Amino acid sequence: PDNEQAFTQAKLDGLLAAKKPVYVYATATWCLTCLVNEKAVLSRPTIKAAFAARGITYLVADWTNQNPEITRLLRANDRSGVPLYLYYAPGAQRPVILPQILTESEVLKTIGG
């Protein structure tokens, strides 16, 4: 998606407080599953258009260097590694956790597409 920003907990907290929809993508350069999902699903025009139409902020949590803030995000969602895909609907405090292997239809269904 085009509205991509680097993840910080403060940015996520601010967007949630403003009741904005947020998609968090925890990845790493060495994560092959992440790269496949990115190329096969998240970079598709239909996904980009759906995110834009719904005003979804796309936060990328790059865990390549084991960033402690991202490690806390993973642990908070019962994960020990990447990939992790989270969708916070407008006003939600808890995310929907998507499967580690994404499909276009799964992502669209989750974001209300």
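Of the DSSP beta bridges with both residues in the chain, give the percent that are antiparallel, rounding to the nearest 5.
Of those bridges, close to 45 percent are antiparallel.
Using only the Cα atoms of the stretch 1-67, build the gyration tensor, take square roots of its eigenvalues as a ≥ b ≥ c, and label the shape rounded, prolate or oblate: rounded if a/c is under 1.5, else prolate if a/b is larger than b/c, else oblate.
Oblate, because a/c is 1.5 or more while a/b does not exceed b/c.
Pop out the carbon and sulfur fraction of the accessible area of the chain as a percent, whole number, probe 1.4 Å.
Roughly 55 percent, rounded to a whole number.
What is the sum of charges around residue 28, taking Lys and Arg as +1, Asp and Glu as -1, for the other residues whose C-beta is under 12 Å from the C-beta of residue 28?
Taking every other residue near residue 28 into account, the sum is -2.
Which ³J(HN,Hα) values, rounded to whole Hz and listed in residue order, are derived for the stretch 80-86 from phi using the Karplus coefficients 6.51, -1.76 and 1.60 in 6.51 cos²θ - 1.76 cosθ + 1.60 with θ = phi - 60°, glycine and proline given as x?
Going residue by residue, I get 10, x, 9, x, 9, 10, 10 Hz, with x marking Gly and Pro.
Given axes a ≥ b ≥ c from the Cα gyration tensor, I'd like to know whether the chain is rounded (a/c under 1.5), prolate (a/b larger than b/c) or oblate.
oblate
Would you please name the trypsin sites (Lys or Arg not before Pro) within the stretch 63-113 that are DSSP coil residues with at most 12 other C-beta atoms within 10 Å of their C-beta? Don't jump to the answer; show the numbers that get you there.
Working: sites: 72, 75, 79, 109; in loops: 79.
Passing sites in the stretch 63-113 do not exist.
Mind counting lysine pairs for me in the stretch 7-113? Cα separation below 24 Å, and the two need to be 8 or more apart along the chain or on different chains.
So the count of such lysine pairs works out to 10.
How large is the charge dipole for the chain, taken about the Cα centre, if only the Cβ atoms of Lys, Arg (+1) and Asp, Glu (-1) carry charge, to the nearest 20 debye? Working shown, then result.
On the way: 12 positive and 9 negative charges, 52 e Å.
Approximately 260 debye in magnitude.
At 1.4 Å probe radius, can you tell me the per residue accessible area of the chain in Å²?
52 Å²
Net charge around residue 89, counting only other residues with Cβ within less than 11 Å of its Cβ (Lys, Arg = +1; Asp, Glu = -1)?
Computed value for this residue: +4.
The values are calculated or read from the model by the stated rules, or taken from the named source; none is laboratory data. Treat the numbers as computed from the prediction; the structure is a model and nothing was measured. Cβ: placed from backbone, ideal geometry, glycine included. Neighbour counts: every protein chain shown. Areas reflect the complete protein model, heavy atoms only, side chains present, ligands, DNA and RNA absent. Shrake-Rupley method; radii C 1.70, N 1.55, O 1.52, S 1.80 Å.
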